[in-house]
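The values are calculated or read from the model by the stated rules, or taken from the named source; none is laboratory data. In this text the structure is predicted, and so the values were computed from the model without any measurement. Just so you know, the surface numbers come from the protein's heavy atoms only, side chains and all, with ligands and any DNA or RNA stripped out. Shrake-Rupley method; radii C 1.70, N 1.55, O 1.52, S 1.80 Å.
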Amino acid sequence: MGIFLSLNNKEYSRQLHRMNLELLANIGTALSPYLVLGSIFYLALELRQQNKVSKAATRQEIAKAHQNLTLASMDERLISARIKFIKQEDLSEEEEHAWTVHLHAIFRARENHYYQFTANMLDEEEWNAMLKGFITLFERPFNFEVWNRVKGTYSPKFVEIVDEELTKLNI
């Protein structure tokens, strides 16, 4: 009789174990859609946060690049060129070259800003403000001449947008 109880206890234990595993499997099956939804929700929150961080980093890089351009514009040749523009005097060859290189840096920076805008890293309001500021460069005929000479080296869509803005202003 003792052996029989021992076998029954082992069999009962196995059945109980099998039932516990089945119960756990059923609970897991029932909970899995909610766990998946929770994971998707968490992932969406993480992506949203990452997007905010990326936009902030983009704005920081733009500010840093602008600061570098501003500091570079303090070069004596560029200051001299700016004064000559105001006085409507001709530039020396050295000043003309320095100013042209400076313009290329500004053009590339704005082209990069346009790329950031198309990649949704800049809001439309920010981009439009940058574009308006950029277009003011072309009030000087020299800058417009340089643009027309080099615009073939820039993104066709960017060139199209700049030229469209210049047409609106009759420049």
Which one, PRO141, PRO33, PRO156, has the greatest fluctuation when you compute a Gaussian network model over the chain with C-alpha springs under 10 angstrom?
PRO33
With springs connecting C-alpha atoms under 10 Å apart, model the chain as a Gaussian network and identify which of GLU11, GLU95, GLU61 has the largest mean-square fluctuation.
GLU11
Keeping all protein chains in place, calculate the accessible area per residue for the chain (probe 1.4 angstrom), answer in Å².
73
Taking square-rooted eigenvalues a ≥ b ≥ c of the alpha carbon gyration tensor, is the range 36-102 rounded, prolate or oblate, where a/c under 1.5 means rounded and, failing that, a/b exceeding b/c means prolate?
prolate
Listed residues GLY152, GLY28, GLY133, most fluctuating in the chain (Gaussian network, C-alpha, under 10 Å):
GLY28
Of all accessible surface on the range 26-171 at a 1.4 Å probe, what whole percent is carbon and sulfur?
57
Diagonalise the Cα gyration tensor of the chain and give the resulting equivalent ellipsoid semi-axes, square root of 5 times each eigenvalue, largest first, whole Å.
72, 16, 12
Proximal aspartates and glutamates to LYS84, defined as alpha-carbon separation beneath 14 angstrom and excluding residues fewer than eight positions away on the same chain:
GLU76, GLU93, GLU94, GLU95, GLU96
